[in-house]
Amino acid sequence: MTAQNSATSPKAIAVAASPQGTGTLLAALGVVSFSLTFPSTVWGLESFGPWSLVAVRSTLAALLAGAFLLVGRVPLPDRRHWAGLAVVAGGVVIGFPLLTTLALRTSTTSHAAVVVGLLPLTTAAFAAVRTGRRPSRTFWIAAVSGAAVVLAFTVQQSGGALSAGDLYLFGALLVCAAGYTEGGRLARLMPGWQVIGWALVLCLPLMAPASAVALALEPVRLTAHGVLGLVWVAA
């Protein structure tokens, strides 16, 4: 069987169309998009202060998400879901962007990316506690082994002690894992894009005025890199 025929075989099509195959494909696309977040954040810091960058990116993202929700005529989530959405908002929309942006003022993008490699293990631990779902022993062995390598790298790169940037990154891991876990739980009850969309909209009343205040207090030096970085992290 040729490679082309193998790729289009009924078995391959069935795997790609399965929920697990779709989830894996979406996760891969998410990783590719996310891989540009740290470089884009560094670009954004060329033009904006850290607080301005986080507030403006969240505001733009909320407006974009709100437009999709309006066009789709998506009804408001049930009241029982708002507490979970607040956790997603605090961890993914505000906490992780803010803490990683503060870290990237002193840490390199490659260093930050490696430290954030602890996120799968951190998320799995939160999920095990929050939802009761237990990953396989093989997963834990792989995740803990990877975490040990990341921690050794972090300490070695920081001269034997954790830097302020590392502390920001570890804080970002905790809040992001909490947001991912709650978002995953809510995604079983409503479409995933609506989960992050409503979490963004929930932050808009806070982040819009925060943008105005931060832009007034921090210097703004617009460059092509800076604007492009802002647009990417917002979108």
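The figures follow:
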item	result
Residues (more than 27 Å from V87 (Cα to Cα), surrounded by 13 or more Cβ atoms within 10 Å (Cβ to Cβ) and among the small types (G, A, S)) located in the stretch 147-179	S158, S163
Test: residue in the stretch 53-64 that is buried (at least 23 other Cβ atoms within 10 Å of the Cβ), touching an Asp or Glu at 6+ places or on another chain (Cβ under 9 Å) and more than 29 Å from D166 (Cβ to Cβ)	no
P135, sole failed condition from (1) in a helix (DSSP H, G or I); (2) surrounded by 13 or more Cβ atoms within 10 Å (Cβ to Cβ); (3) of a type outside the set (S, T, N, Q)	(1)
The stretch 77-115, residues that are over 17 Å from G44 (Cα atoms) and free of Cβ contacts under 8 Å to residues at least 60 places away in the same chain	D78, R79, R80, A83, H111, V114, V115
Out of V155, V175, V195, V144, sole residue that is within 27 Å of A128 (Cα to Cα) and modelled with pLDDT under 90	V144
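Results for (1) in a helix (DSSP H, G or I); (2) out of contact with any Ser or Thr (no Cβ under 6 Å at 6 or more places or on another chain); (3) more than 19 Å from S35 (Cα to Cα); (4) among the aromatic types (F, W, Y), shown as yes or no for each residue.
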site	(1), (2), (3), (4)
W82	yes, yes, yes, yes
A89	yes, yes, yes, no
T100	yes, yes, no, no
S110	yes, yes, no, no
R130	yes, no, yes, no
G146	yes, yes, no, no
Q156	yes, yes, yes, no
F170	yes, yes, no, yes
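The values are calculated or read from the model by the stated rules, or taken from the named source; none is laboratory data. This one's a predicted model, so the numbers in the text were calculated from it and none came from an experiment. Here Cβ is always computed from backbone atoms with ideal geometry, including for glycine, and neighbour counts include all displayed protein chains.
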